[in-house]
Amino acid sequence: MGPAAAIGLVGYFRGMNAAFSGRAQLRNEGPARDPHASDILRGYLGAYATALLEFDQAGAWAEIIESETDKDLSNIKLNGRAIDANTAKRSARIVAESIMKTKLVSLENYSLDEIQNWRNEDESVAAHLRTLLQTTGSLTDEHRSGFYAAHVVAAAITEGLSREADLQVIFNRMISLLKLMHDTNPAWGPLFVQHPGDISRHLLYHPASPNLISI
């Protein structure tokens, strides 16, 4: 999902914290009992992972996500120990590069960023879908293929961040588009497709022979 995954995570944790504590901010504390990193570190991890992606705006997006995370920076404390911001950011940067760039035997000596990335083509598709998500017209068959669900969700997130965005329209449109894609995806039936890839189902209509019709 490109940068949308990282900026979306920041918004998600702010929303969750607002619901439970009334404060729409990223948590700076990471207790020992929590297997996940603190919210603030995940914001920085998302920023630095975005910087390693292959599309042209990766650097600009990384700066935006880091700057947005900085707005909630206060006193980072992990397992009861205070960590200065520079050390925390340097750690997040090392982790991001290690996760994305390390070649793993379990992946046949490929790294994650070689298998899954976000390129200019993906950004272009998401930009096109953003326009589609602003409207309420009927969706046709041309909207059922040529992109992935990740493109649709990424477009919805980034369009939702735009000025004066109608979130309900965008959300409903996203769900409708995903439903159309699901209904026409051969991986969901009637035939079992183990590795669906980019295939799509096309229905053909064969008119009945006049000789077979009883009068």
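The values are calculated or read from the model by the stated rules, or taken from the named source; none is laboratory data. Not measured: the values here are computed from a predicted model. Positions of Cβ are generated from backbone atoms using ideal geometry, with glycine treated the same way; all protein chains shown enter the neighbour counts. With ligands, DNA and RNA removed, areas are computed over all heavy atoms of the protein, side chains included. Shrake-Rupley method; radii C 1.70, N 1.55, O 1.52, S 1.80 Å.
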Original post:
Do we find a residue being over 28 Å from Gly11 (Cβ atoms), among the acidic types (Asp, Glu), modelled with pLDDT of 65 or more and loosely packed, with under 12 Cβ neighbours inside 10 Å anywhere in region 175-194?
Top reply: yes
Original post:
Somewhere in region 132-144, is a residue surrounded by 12 or more Cβ atoms within 10 Å (Cβ to Cβ), assigned to a loop (DSSP other than H, G, I, E, B) and at pLDDT below 75?
Top reply: yes
Original post:
Would you say Leu45 is aliphatic (A, V, I, L, M) and either more than 18 Å from the chain's Cα centre (by Cα) or open to solvent by 40 Å² or more (accessible area, probe 1.4 Å) (or both)?
Top reply: yes
Subject >> First in region 60-89 and among the basic types (Lys, Arg), second anywhere and open to solvent by 80 Å² or more (accessible area, probe 1.4 Å), Cβ under 8 Å, 6 or more apart >> reply: Lys77/Glu29
**OP:** Please find, within region 62-77, the residue that is farthest from Tyr12 (Cα to Cα) out of those that are open to solvent by 50 Å² or more (accessible area, probe 1.4 Å) and not polar (S, T, N, Q).
**Re:** Lys77
Subject >> Pairs where the first residue, in region 1-27, is under 15 Å from Leu41 (Cβ atoms) and the second is surrounded by fewer than 13 Cβ atoms within 10 Å (Cβ to Cβ), C-beta under 6 Å, 6+ apart >> reply: Asn17/Arg23
Original post:
With (1) open to solvent by 90 Å² or more (accessible area, probe 1.4 Å); (2) modelled with pLDDT of 80 or more; (3) among the small types (Gly, Ala, Ser) as the list, and Ala155 as the residue in question, which single condition is left unmet?
Top reply: (1)
Original post:
Within region 78-98, how many residues are loosely packed, with under 15 Cβ neighbours inside 10 Å and of a type in the set (A, V, I, L, M)?
Top reply: 2
